[in-house]
Amino acid sequence: MDLSNLKPAAGATKSSTRIGRGEGSGKGGTSTKGHKGQKSRSGYSKKVGFEGGQMPLQRRVPKFGFKPLNRIEYKAINIETLQELADANKLTKIDRKVLMDAGLVTGKHLVKILGRGTLTAKLEVEANAFSKSAEQAITNVGGTAVKL
């Protein structure tokens, strides 16, 4: 076998229906478009979300909420996760690289440490932001919280 005689497995490909190729094909005449009307004409396209003149869903449902333009979005990581990382890898310093290696964040994420769980290891933690409870939990066990 070589590249010149490769072909798909039997039944893997299906030939498309050729419409508008004469009456003998069985798909001639109106070419599966029915008789008359806007949809049978060439160049027909309906607007996205058009519901036949009925008030469309995106206009029936009210708008609500507020999205600030300058919102900073953080990837939240709890101190219990930091404790698990420290126990598993015998770490004393947790920074962005450690979190990326563990698969918790990607390069584009800003990191915020939150205070759920308990921390027993003395850690030096580097992150973009800390909650008050997380910062307190880290300093209580003798660690340091470094804001980037």
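Listed by chain and number, the lysines whose C-alpha is less than 26 Å from the C-alpha of K93, apart from same-chain residues fewer than 8 away, are K75, K108, K112, K122, K132, K147.
Projected label points at T106 and S133, each 7 Å from Cα along the beta carbon direction, are separated by 2.9 nanometres.
How big is the charge dipole of the chain about its Cα centre, in debye rounded to the nearest 20, if each Lys and Arg gets +1 on its Cβ and each Asp and Glu gets -1 on its Cβ?
Here the size comes out at about 1440 debye.
Largest GNM mean-square fluctuation across G103, G52, G20, computed for the chain with C-alpha springs under 10 Å, falls on G20.
Farthest toward the positive end of the dipole of the chain, out of G29, A129, Y74, is the Cα of G29, where the dipole comes from beta carbon charges about the Cα centre. Cα convex hull, the chain: 323 Å³ per residue, rounded to a whole number.
Taking R0 as 25 Å, what FRET efficiency do you get between T118 and R71 from their Cβ-Cβ distance, rounded to the nearest 0.05?
Numbers: r = 31 Å, r/R0 = 1.22.
About 0.25, to the nearest 0.05.
On the basis of the beta-carbon distance and an R0 of 25 Å, N5 and S25 show a calculated FRET efficiency of 0.20. Report the FRET efficiency, 1/(1 + (r/R0)^6), for T32 and R60, where r is their Cβ-Cβ distance and R0 is 25 Å, rounded to 0.05. It comes to 0.15.
Contact order for the range 74-147, expressed relative to its length and based on alpha carbon pairs under 8 Å spaced 6+ residues apart, stands at 34 percent.
Here the sum of -39500 (n - 2.57) over DSSP H runs of 4 or more residues, divided by the residues of the chain, equals -5500 deg cm²/dmol at 222 nm, to the nearest 500.
Taking the DSSP bridge list for the range 28-148 and keeping only pairs wholly inside it, about 0 percent are antiparallel.
Across the range 1-131, Cα pairs under 8 Å and at least six residues apart give a relative contact order of 18 percent.
Out of P8, L99, P56, whose Cα points farthest toward the positive end of the dipole of the chain (charges: +1 Lys, Arg; -1 Asp, Glu; placed on Cβ)? Of the listed residues, the answer is P56.
We did not get these values from a lab; they are worked out from the coordinates using the rules stated. Note that this is a predicted model, so its numbers are computed, not measured. Here the Cβ is made from the backbone with ideal geometry for all residues, glycine too, and neighbour counts use every protein chain on show.
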